[in-house]
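Beneath this line is the structure, given in structure tokens, with notes to follow.
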Amino acid sequence: MEILKKELKQKRMTRRTLAEKAGVSFQTTCNWISGKCSPSFENMDTLKKLGFSESACLDPSKEVEV
């Protein structure tokens, strides 16, 4: 499971809620999780402020053990 996806699940937060809190589109959050793009430095800072790990910010689509 991808790091960001795993942390969203742990926080009981949806991709749509993350998009709203981060000030990005729903499609952007989907692209982060799928690896189509990575968060900008500004978005990484926002993700960290929302409590996401450094790993989730730097490599959100990386596969991790559940």
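Per-structure values
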| item | result |
| --- | --- |
| Amide H partners (placed H, <5 Å) of residue 2, local residues excluded | 64 |
| Karplus-derived 3J(HN,Hα), 6.51/-1.76/1.60, for each residue of the stretch 45-57, Hz, glycine and proline x | 4, 5, 4, 4, 5, 7, x, 7, 5, 4, 4, 5, 6 |
| Mean projected area in nm² (Cα convex hull; one quarter of hull surface) for the chain | 3.7 |
| Unit charges on C-beta of K, R, D, E only; dipole of the chain, Debye | 320 |
| Theoretical ellipticity at 222 nm over the chain - DSSP helices of four or more residues, -39500 (n - 2.57) apiece, nearest 500 | -15500 deg cm²/dmol |
| Backbone HN-Hα couplings from phi across the stretch 14-26 [Karplus 6.51/-1.76/1.60, Hz, Gly and Pro as x] | 8, 4, 5, 5, 4, 4, 4, 5, 8, x, 10, 7, 4 |
| Where labels lie 7 Å past Cα in the beta-carbon direction, separation of residue 41 and residue 12 in nm | 3.7 |
| Exposure proxy ranking, count of Cβ atoms within 10 Å, fewest first, for 4, 50 | 50, 4 |
| Amide H partners (placed H, <5 Å) of residue 11, local residues excluded | none |
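Only the coordinates and a few stated rules stand behind these numbers; no lab work does. On a predicted model such as this, the values are computed, not experimentally measured, just so you know. Cβ: placed from backbone, ideal geometry, glycine included. Neighbour counts: every protein chain shown.
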